[in-house]
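Colleague: Just dropping this structure here.
The numbers here are math on the coordinates, done by the rules we state, and not lab data. Since this is a predicted model, take the numbers as computed values, not measurements. Here the Cβ is made from the backbone with ideal geometry for all residues, glycine too, and neighbour counts use every protein chain on show.
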Amino acid sequence: MPDTTPPANGRTDRFVRGAGVYDSPEHERFRTALRRFLATELVPHLAEWEAQREVPRWVWRRFGELGYLCPWLEEEYGGSGGDFTHSVIVMEEMALAGVDVEVSLHSDIIAPYIHQFGTPEQKRRWLPGCASGETLLAIAMTEPDAGSDLAAIRTRAVKDGNDYIIDGSKTFISNGAHCDLVIVACRTDSEGPAHKGITLIAVENGAPGFTKGRKLNKLGHHTHGTAELFFESCRVPQTNRIGAEGRGFYYMMRQLQRERLVAAIGSQVNAEAMFELTLQYVKARQAFGQPIGRFQYIAFKMAEMETEIELGRTFLNDLIRDFLHGTDITRKVSMAKWWIAEMANRVAYQCTQLHGGYGYMEEYEITRRFRNVRMDTIAAGTTEIMKMILAKGLGLQ
């Protein structure tokens, strides 16, 4: 059965989350406790953090203290011993509450690189801090001239004794302004195919030659601490290499299934939240002597959006189930990533329109969500890249 407990912000869970996969009594207890935490400790500060364009570090430590960072991590590394389903619940509840902190990036995109490809020593050294919130993670792939085309990375790492010397720059790095550890995609071999010469190297804050540039002034997601990173003769021990040398591109491609699933979950739940906000609004807003939701045009728009959102939720639930069962979801997650992100943007546009002039006011939640969701068709692989992947699978590229 879906969770029908009204959240603190008054919304109901109209769309079925869990679907027999992550809706056991234990999962629901986890969800209820998380929902209470978000509503009482974080939601009251959202406007302040948005204005400051920064989330205080105590927030990360509080997430860790309560077991909401890397909940899938084994207890020996400081985790809660849960699994990816607990991470899904964290993503969903944060998106529903509008808590725009890059927890999923930290916990479910970057930390798995260390967990899956790191040495036992690296895991003991870094993972407990990831789970506690003491070690904030970032990953540096994108460069000024290398975004979706990761094989075009120019940042170089050259061996010097027992160290690597890194030179280059990265941009659009979420958590970059405040990270304690950043996994950097570097070119270590210029011979042979471009994608075979990329290596992942962990760089700790304070490493010689590593500097953080300005926080970037973005359209949305103001609290993500997105920054430029610079490496100028940056000296890092070779023991900081993640996995084998030259295998970085393979590792990144392997992790993209998970990253794109995380992105699809965020888009889906934001669409659900925007729908609920707008449904409440059109029921309450009066015009010409009646709630505006009673006008056929608006009623039909709401019906159309609900249908599209329900289609996305059904597809996503199946995709989560397949991922948990170890099924290769590369093709389907590419479909979900682009379609759900585009659907969420359609919903954002329509919901903002239905709010009228209030939809253009910063104090209305729909405005912030409208700005934030625009990034969904770009991050973790653009809509166009997703379609290119699918076209190649059809033998058309």
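Colleague: By how many degrees, 0 to 90 and rounded to 10, does the Cα axis of helix 84-97 deviate from the longest principal axis of the chain?
Modeller: Roughly 50 degrees, rounded to the nearest 10.
Colleague: Same structure again: Kindly express, to the nearest 10 degrees and within the range 0 to 90, the angle between helix 25-37's C-alpha long axis and the longest C-alpha principal axis of the chain.
Modeller: Computed tilt is about 90 degrees.
Colleague: Taking the number of other C-beta atoms within 10 Å as the exposure measure, put Y250, Y164 in order starting with the fewest.
Modeller: Values: Y250 15, Y164 24.
Fewest-to-most ranking of Y250, Y164: Y250, Y164.
Colleague: May I ask you to compute the full-extension gain from Y360 to E232, defined as 0.36 nm times their residue separation minus their alpha-carbon distance, rounded to one decimal in nm? If you can, show how the numbers build up before the last one.
Modeller: Numbers: separation 128, 0.36 × 128 = 46.08 nm, distance 4.31 nm.
Contour length minus Cα-Cα distance gives 41.8 nm.
Colleague: A follow-up question, please. Three principal axis extents, largest first, for the C-alpha atoms of the chain, in Å?
Modeller: Over the chain, Cα extents along the principal axes are 78, 49, 41 Å.
Colleague: Mind checking the angle between helix 296-324 and the chain's longest principal axis? C-alpha axes, 0 to 90 degrees, to the nearest 10.
Modeller: The two axes meet at around 40 degrees.
Colleague: Which net charge results when you count Lys and Arg as +1 and Asp and Glu as -1 among the other residues whose beta-carbon is under 9 Å from that of T223?
Modeller: Working: positive: R53; negative: E50, E54, D100, E102.
Net of charged neighbours comes to -3.
Colleague: At q = 0.23 Å⁻¹, work out log10 I(q)/I(0) for the range 107-201 with the Debye formula, treating every Cα as an identical point scatterer and leaving solvent out; two decimals please.
Modeller: Computed log10 I(q)/I(0) values: -1.27.
Colleague: Sticking with this structure for a sec: Tell me the volume per residue, in Å³, of the convex hull enclosing the alpha carbons of the range 25-135.
Modeller: Roughly 88 Å³ of hull volume per residue.
Colleague: What residue among A157, A299, A273 has the largest mean-square fluctuation in a Gaussian network model of the chain, using Cα springs under 10 Å?
Modeller: Per the Cα network of the chain with a 10 Å cutoff, A299 tops the list.
Colleague: At q = 0.11, 0.21 Å⁻¹, what base-10 log of I(q)/I(0) does the Debye formula yield for the range 138-246 when every alpha carbon is treated as an equal point scatterer in vacuo?
Modeller: Debye output, listed in q order: -0.31, -1.08.
Colleague: When the convex hull of the C-alpha atoms of the range 280-397 is computed, what volume per residue in Å³ does it have? Mind dumping the intermediate values first?
Modeller: On the way: hull volume 14.8 nm³, N = 118.
That works out to 125 Å³ per residue.
Colleague: Please work out whether the range 121-167 counts as rounded, prolate or oblate from its C-alpha gyration tensor, where a ≥ b ≥ c are the square roots of the eigenvalues and a/c under 1.5 means rounded, while otherwise a/b larger than b/c means prolate and anything else oblate?
Modeller: Working: a/c = 3.34, a/b = 1.42, b/c = 2.35.
Note, shape of the range 121-167 comes out oblate.
Colleague: Calculate the FRET efficiency for T383 and V43 from the Cβ-Cβ distance with a Förster distance of 35 Å, rounded to the nearest 0.05.
Modeller: On the way: r = 31 Å, r/R0 = 0.88.
In this case the efficiency is close to 0.70.
Colleague: Now for a separate question. Would you compute, from DSSP H runs of 4+ residues alone, the mean residue ellipticity of the chain at 222 nm, taking -39500 (n - 2.57) per run and dividing by the full residue count, rounded to the nearest 500? Provide the component values of the computation, followed by the final result.
Modeller: On the way: 11 runs with 174 residues, N = 397.
Result for the chain: -14500 deg cm²/dmol, rounded to the nearest 500.
Colleague: Pick out which of G161, G213, G147 has the largest mean-square fluctuation in a Gaussian network model of the chain, springs linking Cα atoms closer than 10 Å.
Modeller: Highest fluctuation of the listed residues: G161.
Colleague: Work out, step by step, the length gained on full extension between S190 and H325: first 0.36 nm times the residue separation, then minus their alpha carbon distance; give nm to one decimal.
Modeller: On the way: separation 135, 0.36 × 135 = 48.60 nm, distance 3.81 nm.
So the extension gain works out to 44.8 nm.
Colleague: Turning to a different aspect of this structure: At a 10 angstrom cut-off on C-beta neighbours, averaged per residue, how do the peptides 87-96, 108-117, 309-318 rank from highest to lowest? Each step should come with its number before you reach the end.
Modeller: Numbers: 87-96: 23.4, 108-117: 21.8, 309-318: 18.2.
Ranking the peptides 87-96, 108-117, 309-318 by packing returns 87-96, 108-117, 309-318.
Colleague: Taking the chain as a Gaussian network, where each spring joins two C-alpha atoms under 10 Å apart, which residue of A263, A177, A51 fluctuates the most?
Modeller: Highest fluctuation of the listed residues: A51.
Colleague: Considering only C-alpha atoms, what is the centroid distance from the range 295-329 to the range 330-397, in Å?
Modeller: Centre-to-centre (Cα) distance: 13 Å.
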